[in-house]
Amino acid sequence: MEPRPFAERRLVCFPHAGGSPYFFRGWGKALHGLEVHAVCYPGRAERFGEPHATALVPAARQIAAELLAVDDARPLALFGHSMGATVAYEVARALEAAGRTVDHLFASGARAPQLHVPDAAAAAAWDEAAVVRTLTELGGTDPELLDNPAFLDLVVPYIGADFRMLSAYGRGPARPLCCPVTALVGTEDPRVTEEQTAAWREVTRGPFRLRTLPGGHFYLEQDPPYDVVAGARHGE
C-alpha cells in the first residue's frame with residue numbers, strides 16, 4: 001500500500017472470494033508500524049484482463065514465489081479473510097517449505113483448511129443465481145448493486161471463478177506449520193462457526209489464539225481487527 005522500508009514487519013493481506021486489494025486500502029494508514037501489502041488475484045482490478053485462477057494451491061504457490069522474489073528478510077505476517085485465509089495458509093506452507101519463516105498467520109472468517117472437501121458438483125453449481133444468493137447471505141455488497149445487471153456482468157465471472165476454485169480445494173495430508181496462528185470469526189457469521197474456526201489450532205505446532213469479534217461474515221468492514229494484528233508480537 002505504501003513503501004515503509006524502516007517498518008519492523010511486513011503484512012501481506014489476502015482478500016475474500018471476489019475481493020480485490022482495495023478491500024484493505026485503509027490498513028496501511030492504520031497500522032503505522034507495518035508495511036502493508038495486499039494481493040491482487042487475476043481477473044479483477046488492475047489484473048482484470050488476465051484469466052481467472054482455477055486451482056487454489058498453484059495460485060498460492062505462485063504468490064509465495066512472488067514474495068520470495070522481493071523478500072527483504074523482515075518478519076513477514078499473512079492476513080487472509082474468508083477464501084483469502086485458505087490462500088494465505090497455502091502461501092505459508094509454501095514459504096515454510098522454501099525455508100522462509102512466517103512471523104504470523106491470521107485466518108479470518110474461514111473454516112480450517114482440513115475441513116474442506118473437494119466437491120466437483122458444488123463447484124459446477126456456481127452460476128449467477130448461486131453467486132447472488134451467497135453474496136446476499138454474506139452481506140458486504142450493496143443490495144442495489146446485486147439488482148444491477150451491468151454490475152453482475154462485470155463481477156459474477158470472477159466471483160464465480162473464486163467460489164468454484166474454493167469448492168474444488170482439498171488440502172490432503174500436510175505437515176503442521178511452525179508459525180503462530182490467530183483465527184478470527186464474527187459472532188454472527190452465517191457461514192463459519194466458532195468450532196470450525198477453532199479447528200485452525202490443528203494446522204500449527206506454534207502458538208494458537210482464537211478471537212471472536214462482534215458482527216457477521218464481514219465484521220472487519222466496520223471494525224477492522226487492527227489491535228489484534230498490531231498486538232501480535234514477533235514470533236508469538
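Observations on the structure shown:
- Residue among 41, 89 that is buried (at least 22 other Cβ atoms within 10 Å of the Cβ), part of a helix (DSSP H, G or I) and among the hydroxyl-bearing types (Ser, Thr, Tyr): 89
Residue-wise test of (1) open to solvent by less than 30 Å² (accessible area, probe 1.4 Å); (2) farther than 27 Å from residue 10 by Cβ; (3) among the acidic types (Asp, Glu).
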site: 147; (1), (2), (3): no, yes, yes
site: 152; (1), (2), (3): yes, yes, no
site: 169; (1), (2), (3): yes, no, no
site: 172; (1), (2), (3): no, yes, no
site: 176; (1), (2), (3): no, no, no
site: 188; (1), (2), (3): no, yes, yes
site: 196; (1), (2), (3): no, yes, no
site: 201; (1), (2), (3): no, no, no
site: 231; (1), (2), (3): no, no, no
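- Unmet requirement for residue 129, which otherwise passes all of (1) of a type in the set (A, V, I, L, M, F, W, C); (2) part of a loop (DSSP other than H, G, I, E, B); (3) without any contact (Cβ under 8 Å) to a residue 60 or more places away in the chain: (2)
- Test for residue 4: is it open to solvent by less than 60 Å² (accessible area, probe 1.4 Å), assigned to a loop (DSSP other than H, G, I, E, B) and basic (Lys, Arg): yes
- Taking the criterion of being outside any strand (DSSP E or B) and more than 14 Å from the chain's Cα centre (by Cα), the residues of the stretch 24-38 that qualify are 25, 26, 27, 28, 29, 30, 31, 32, 33.
- Comparison of 103, 119 shows that the only residue that is acidic (Asp, Glu) and touching a Ser or Thr at 6+ places or on another chain (Cβ under 6 Å) is 119.
- When 161, 183, 130, 123 are checked against the criterion of being over 25 Å from residue 42 (Cα atoms), in contact with a Phe, Trp or Tyr (Cβ under 9 Å, 6 or more places away or on another chain) and either aliphatic (A, V, I, L, M) or surrounded by 12 or more Cβ atoms within 10 Å (Cβ to Cβ) (or both), 183 stands alone in meeting it.
The values are calculated or read from the model by the stated rules, or taken from the named source; none is laboratory data. Treat the numbers as computed from the prediction; the structure is a model and nothing was measured. Every residue, glycine among them, receives a Cβ derived from its backbone with ideal geometry; neighbour counts consider all protein chains shown. Protein only, heavy atoms only, side chains kept; ligands, DNA and RNA dropped before computing areas. Shrake-Rupley method; radii C 1.70, N 1.55, O 1.52, S 1.80 Å.
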